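Right, one structure below, let's go through it.
The values are calculated or read from the model by the stated rules, or taken from the named source; none is laboratory data. Source: prediction; values computed, not measured. Using ideal geometry, Cβ is built from the backbone for each residue, glycine included, and neighbour counts are taken over all protein chains shown. Areas reflect the complete protein model, heavy atoms only, side chains present, ligands, DNA and RNA absent. Shrake-Rupley method; radii C 1.70, N 1.55, O 1.52, S 1.80 Å.
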Amino acid sequence: MAYPYELGFQDATSPIMEELLYFHDHTLMIVFLISTLVLYLISLMLTTKLTHTNTMDAQEIETIWTILPAIILIMIALPSLRILYMMDEINSPTLTVKTMGHQWYWSYEYTDYEELTFDSYMIPTTDLKPGELRLLEVDNRVVLPMEMSVRMLISSEDVLHSWAIPSLGLKTDAIPGRLNQTILMSSRSGLFYGQCSEICGSNHSFMPIVIEMVPLKTFENWCSSML
């Protein structure tokens, strides 16, 4: 999860989030190089009075500053499209969980199991135990197996919501009457926090999401205890 004064992204937990971090660094380096070149040219123009008229009017320089931005845009667009298609690709998920947004809580249904459903409410500040996080803890966590492909079906029963887990690189809108889907897979166990990322009403900021990634054996034991 995020910590105070954090300037970058949260640590990547899924392969998709790792790809997004690589793309962010790749794009940031291009922006940094462009900014450096522009600042250098500005400082050069402000500190020298020399002017080369042939260079200023040459056709070659106009060709360069037309082709060069096109090449830079291609260098940004190709990795972006690759990640976009990777995020939309869903191949034989091992588990499906249906998420419904309400005003203002989440409900979850494990469609591969009979009658395994529960609601997830934020724990009030007065009921928090030592070490628990304010505005982020819930009474029922979403327990999922790690290193396995999980499909999330996301919708809403009232207004627009958004199911988002930053460390997993997930953000999918919950729209009434529409069923959106996304895929997630965690490479490590642990607790991963998120919140509703859509302005859905007065309690919009009180819809936390907590995913608990556990080994497969632990997940099976949890399912048995819930049924």
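Scan the stretch 203-220 and tell me whether some residue there is modelled with pLDDT under 90 and assigned to a loop (DSSP other than H, G, I, E, B). Spell out the reasoning first.
Here is the first cut: in the stretch 203-220, the ones modelled with pLDDT under 90 are 203-205.
Restricting the remaining residues to those that are assigned to a loop (DSSP other than H, G, I, E, B) gives 203.
Among the residues of the stretch 203-220, at least one is modelled with pLDDT under 90 and assigned to a loop (DSSP other than H, G, I, E, B), which makes the answer yes.
Here is a check on your reading of the model: is residue 3 exposed (fewer than 10 other Cβ atoms within 10 Å of the Cβ) and among the aromatic types (Phe, Trp, Tyr)? Outline the logic, then answer.
Values: exposed (fewer than 10 other Cβ atoms within 10 Å of the Cβ): yes; among the aromatic types (Phe, Trp, Tyr): yes.
So residue 3 fits the description; yes.
Among what's in the stretch 55-84 and is among the charged types (D, E, K, R) and open to solvent by 100 Å² or more (accessible area, probe 1.4 Å), pick the residue that is modelled with the lowest pLDDT.
First, the residues of the stretch 55-84 that are among the charged types (D, E, K, R): 57, 60, 62, 82.
Narrowing the set further to residues that are open to solvent by 100 Å² or more (accessible area, probe 1.4 Å) leaves 57, 60, 82.
Working: 57: 63, 60: 77, 82: 91.
Selected residue: 57.
Scan (1) surrounded by 11 or more Cβ atoms within 10 Å (Cβ to Cβ); (2) free of Cβ contacts under 8 Å to residues at least 60 places away in the same chain; (3) under 30 Å from residue 141 (Cβ atoms) for the single condition residue 30 breaks and write down its number.
Every condition holds for residue 30 apart from (3).
Answer with yes or no whether residue 219 is closer than 16 Å to residue 100 by Cα, more than 17 Å from the chain's Cα centre (by Cα) and not polar (S, T, N, Q).
Details: closer than 16 Å to residue 100 by Cα: no; more than 17 Å from the chain's Cα centre (by Cα): yes; not polar (S, T, N, Q): yes.
Answer is no for this residue.
Within the stretch 166-189, take every residue that is out of contact with any helix residue (DSSP H, G or I) (no Cβ under 9 Å at 6 or more places or on another chain) and touching a residue at least 24 places away in the same chain (Cβ under 8 Å) and give me the one that is least open to solvent (accessible area, probe 1.4 Å).
Step one: of the stretch 166-189, the residues out of contact with any helix residue (DSSP H, G or I) (no Cβ under 9 Å at 6 or more places or on another chain) are 171-181, 188.
After this cut, where a residue has to be touching a residue at least 24 places away in the same chain (Cβ under 8 Å) as well, the list is 171, 173-174, 179-181, 188.
Details: 171: 124, 173: 62, 174: 0, 179: 101, 180: 26, 181: 101, 188: 97 Å².
That would be 174.
Going through the stretch 97-118 one residue at a time, which ones are of a type in the set (S, T, N, Q), out of contact with any Asp or Glu (no Cβ under 6 Å at 6 or more places or on another chain) and open to solvent by less than 60 Å² (accessible area, probe 1.4 Å)? Write out each step before concluding.
Narrowing the stretch 97-118 to residues of a type in the set (S, T, N, Q): 99, 103, 107, 111, 117.
Subset that is out of contact with any Asp or Glu (no Cβ under 6 Å at 6 or more places or on another chain): 99, 111.
If the condition is that a residue be of a type in the set (S, T, N, Q), out of contact with any Asp or Glu (no Cβ under 6 Å at 6 or more places or on another chain) and open to solvent by less than 60 Å² (accessible area, probe 1.4 Å), then 99 is the only one that fits.
For the stretch 196-227, which residues satisfy the criterion of being open to solvent by 70 Å² or more (accessible area, probe 1.4 Å) and not small (Gly, Ala, Ser)?
Taking the stretch 196-227 as the starting set, the residues that turn out to be open to solvent by 70 Å² or more (accessible area, probe 1.4 Å) are 199, 202, 206, 216-217, 220-221, 224-227.
The answer is 199, 206, 216, 217, 220, 221, 226, 227.
Restricting attention to the stretch 6-27, which residues are open to solvent by 100 Å² or more (accessible area, probe 1.4 Å) and under 19 Å from residue 193 (Cβ atoms)?
Step one: list which residues in the stretch 6-27 are open to solvent by 100 Å² or more (accessible area, probe 1.4 Å), which gives 7, 9, 11, 22.
7, 9, 11, listed by residue number.
In the stretch 168-185, how many residues are closer than 13 Å to residue 152 by Cα, in a strand (DSSP E or B) and of a type outside the set (Ser, Thr, Tyr)? Can you show your working first?
Let us first name the residues in the stretch 168-185 that are closer than 13 Å to residue 152 by Cα, namely 168, 170-174, 179-185.
Still in the list and also in a strand (DSSP E or B): 170-174, 180-184.
This time we only want the ones that are of a type outside the set (Ser, Thr, Tyr), so: 170-171, 173-174, 180-181, 183-184.
Here the count works out to 8.
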